[in-house]
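Step one of this worksheet: look at the structure below.
What follows draws every value from the coordinates through simple rules; no lab data is involved. Keep in mind that what you see is a predicted model, and the values were worked out from it rather than measured. Here the Cβ is made from the backbone with ideal geometry for all residues, glycine too, and neighbour counts use every protein chain on show.
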């Protein structure tokens with residue numbers, strides 16, 4: 001049986017290569033390692049890191065040099081490496097990623113395959129293994145026993161409203177920040193300089209969440225729920241207002257893909273009903289959630305907004321079973337898009353599956369359903385802890401409004417940070433402000449009187 005190498009070994013390889021600003025030759029890497037493997041084995045390990053996009057290479061043969069991308073090598077000595085560790089991908093997912101990352105003109109055009117859906121038999125076919133389903137169930141289960149459907153969601157309703165609206169919109173390219181999203185949802189105030197479509201998208205998400213939370217008796221895998229979710233999420237965003245909530249009868253194109261969805265109305269109708277029927281028959285809520293994340297976007301039953309509908313539909317079994325919801329917090333847009341492309345072009349669920357599992361664990365950590373998934377302190381927060389504390393302190397001290405806070409946070413963050421780290425730090429500071437209350441202000445060196453005065457102006 002081949003030896004399974006620990007993650008720490010590959011991290012050490014990346015660290016060694018990062019020590020060579022102009023790139024490292026294979027001999028230099030061998031010399032820098034305490035116990036180097038055979039040269040051929042090391043080359044295989046380096047190839048794996050290249051497939052994971054953790055390193056790159058230039059040159060050929062003995063002149064090949066290995067490099068760490070700028071985003072990973074810019075950190076100062078002794079500091080943790082990144083805001084969030086990359087989503088761990090299986091070998092199958094890495095292969096899918098490799099194929100959908102090829103130039104469009106080298107990928108083979110494909111159409112909709114009804115057998116991909118037809119081959120799935122509820123409770124006999126499983127996209128998620130039993131071990132994964134059990135793990136997610138343990139992480140997502142509420143700790144207070146059996147409660148009526150929707151009980152869990154009501155406890156975190158306000159937080160979920162902002163999180164899911166922001167993260168789902170972010171995956172569609174929306175540029176609102178977390179605080180700007182909160183201000184729009186709570187006060188109805190648009191962010192300055194933003195496109196009106198972006199505000200509409202976020203408000204549509206708010207309305208869709210209200211449907212899931214307020215009408216739990218009617219919500220399920222039925223036409224009423226899915227079509228009305230689409231109507232709410234697409235409101236005022238489609239060229240034809242009559243297309244909101246209606247199954248399409250026209251062809252659609254998928255940007256950046258060689259996949260061509262079905263253009264036959266009868267096929268679309270029949271497959272849509274089959275998806276709902278099969279989803280409703282699936283007994284495991286996590287399998288249900290992932291099944292609709294796979295098949296609703298693949299069918300493209302609506303003219304647009306299909307992925308948004310699938311993200312909300314994935315929450316239906318979680319909400320009705322009092323499980324932690326899936327808010328897509330921290331999910332990288334590139335991973336989500338390429339995972340979905342793997343379904344479109346290859347009928348391969350592995351990449352999207354790995355994204356789904358990681359995303360659900362992040363959501364569980366967010367809402368404290370079970371504190372088992374990410375127990376170690378976030379190294380990014382640790383690195384920037386003083387800036388986070390001082391920025392929150394100054395915003396409260398100055399009694400800033402939400403609009404003023406957005407500008408202040410951007411000014412406080414150094415331009416030298418990588419873009420991904422820059423955006424992550426903004427999110428962390430905004431989340432701390434949103435979560436501030438009388439019981440946690442001491443860690444920001446704030447007095448109750450200062451907090452109360454700031455809260456009066458926080459709008």
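Stokes-Einstein at 25 °C, 0.890 mPa s, Kirkwood radius from Cα pairs: D for the stretch 7-73 in µm² s⁻¹? Answer, rounded: 209 µm²/s. Between residue 223 and residue 15, the contour length at 0.36 nm per residue exceeds the Cα-Cα span by 69.6 nm.
Divided by 2.2 N^0.38 Å, where N counts the residues, the Cα radius of gyration of the stretch 109-367 comes to 0.95. Across the alpha-carbon atoms of the stretch 81-138, the computed radius of gyration and Dmax are 16.4, 45 angstrom.
Over the C-alpha atoms of the chain, the Rg to Rh ratio, Rh being the Kirkwood estimate, stands at 0.98.
Of all DSSP-defined beta bridges confined to the chain, some 75% are antiparallel rather than parallel. For the stretch 7-73, the relative contact order works out to 38 percent when only alpha carbon pairs closer than 8 Å and six or more residues apart are counted. Taking the helices alone, the chain has a mean residue ellipticity at 222 nm of -17000 deg cm²/dmol, built from -39,500 (n - 2.57) per DSSP H run of at least 4 residues and averaged over all its residues.
Taking 10 °C and 1.306 mPa s as conditions, the stretch 384-457 diffuses translationally at an estimated 127 µm²/s according to Stokes-Einstein applied to its Kirkwood radius (Cα pairs). Normalising the average separation of contacting C-alpha pairs (under 8 angstrom, six or more residues apart) by the number of residues puts the relative contact order of the stretch 203-249 at 38 percent.
Fully extending the segment from residue 263 to residue 158 would add 33.8 nm, taking 0.36 nm per residue of separation and subtracting the current Cα-Cα distance. Counting neighbouring Cβ atoms within 10 Å and putting the fewest first, the residues 271, 364 line up as 271, 364. Measure off 7 Å from each Cα along the Cα-to-Cβ vector at residue 33 and residue 457, then give the distance between these two points in nanometres to one decimal. Between residue 33 and residue 457, the label points sit 5.8 nm apart. Once the Cα-Cα distance is subtracted from the 0.36 nm per residue extended length, the residue 45 to residue 186 segment shows a gain of 45.7 nm. Return the distance in nm (one decimal) between the two label points of a simple spin-label model at residue 22 and residue 397, each offset 7 Å from Cα along Cα→Cβ. About 4.7 nm separates the two model spin labels.
Highest mean first, the peptides 95-101, 293-299 sorted by other C-beta atoms within 10 Å per residue fall in the order 293-299, 95-101.
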